[in-house]
1. Taking the criterion of being more than 23 Å from ILE7 (Cβ to Cβ) and more than 14 Å from the chain's Cα centre (by Cα), would at least one residue in the range 22-43 satisfy it?
2. If you take the residues in the range 42-64 that are assigned to a helix (DSSP H, G or I) and of a type in the set (Ser, Thr, Tyr), which one is surrounded by the fewest Cβ atoms within 10 Å (Cβ to Cβ)?
3. Any idea which of GLU124, GLU107 is assigned to a loop (DSSP other than H, G, I, E, B), closer than 28 Å to ILE8 by Cβ and among the acidic types (Asp, Glu)?
4. Is there a residue being of a type in the set (Gly, Ala, Ser), in contact (Cβ under 8 Å) with a residue 12 or more places away in the chain and out of contact with any Leu (no Cβ under 7 Å at 6 or more places or on another chain) anywhere in the range 93-105?
5. For a quick check of your reading of the model, give me the residue pairs whose first member lies in the range 41-66 and is over 18 Å from ILE96 (Cβ atoms), whose second is surrounded by fewer than 17 Cβ atoms within 10 Å (Cβ to Cβ), with beta-carbon atoms closer than 7 Å and at least 6 apart or on different chains.
6. For the range 65-95, give me the residue count where each residue is hydrophobic (A, V, I, L, M, F, W, C), part of a helix (DSSP H, G or I) and surrounded by fewer than 20 Cβ atoms within 10 Å (Cβ to Cβ).
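The values are calculated or read from the model by the stated rules, or taken from the named source; none is laboratory data. Fair warning: this is a prediction, and the values are worked out from it, not measured in the lab. When we count neighbours, we look across all protein chains shown, and the Cβ atoms used for this are built from the backbone with ideal geometry, even at glycine.
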Amino acid sequence: MINNSPIIQRHRPEFLHNKPHFSNLIISEAGKQVHVSGLVASTVEGILVGPGDLAIQMKYIFDTIRETLEIAGATPEDVVRQRIFVVDLQLAHRPIIANAMDDFYGETGSATSTCIGVQALLVEGAMVEIDVTALI
């Protein structure tokens, strides 16, 4: 187990392939659920941030998720589930995604994670969309 609270227990079972960027299993005993819809790197005005740059888009999205979680009184430490949708996902994207996750979650914890390659997203030029669920 790693970085646990009374509400959230994170596990990395020895029989599963473990990565430092996410938890394999999270058990919740109680708490309020917070769901953040899939976000892309676009401003309030609909302007795409970081065209052609996955790292910039991921940082912008995770910064926006952090601000959105704050409205509910949550932090990245409270996130238990994330889904990352990447246009034309390639192995070369792995370190970019891992670095963005490390920057967002820091040392405090990590969510369960699924990364999915997609053909396109609904916002032209968007390279990534991320949604999360938190428990507080």
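1. Yes.
2. Checking each candidate, the answer is THR64.
3. After ruling out the rest, the residue left standing is GLU107.
4. So far as the range 93-105 goes, yes, one or more of its residues are of a type in the set (Gly, Ala, Ser), in contact (Cβ under 8 Å) with a residue 12 or more places away in the chain and out of contact with any Leu (no Cβ under 7 Å at 6 or more places or on another chain).
5. SER42/VAL123
6. 3
Conditions tested, residue by residue: (1) at pLDDT 95 or above; (2) more than 19 Å from THR114 (Cα to Cα).
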{"site": "MET1", "(1), (2)": "no, yes"}
{"site": "PHE15", "(1), (2)": "no, no"}
{"site": "PRO20", "(1), (2)": "no, no"}
{"site": "ASN24", "(1), (2)": "no, no"}
{"site": "SER28", "(1), (2)": "no, no"}
{"site": "SER37", "(1), (2)": "no, no"}
{"site": "ILE56", "(1), (2)": "yes, yes"}
{"site": "ALA74", "(1), (2)": "no, yes"}
{"site": "ASP78", "(1), (2)": "no, no"}
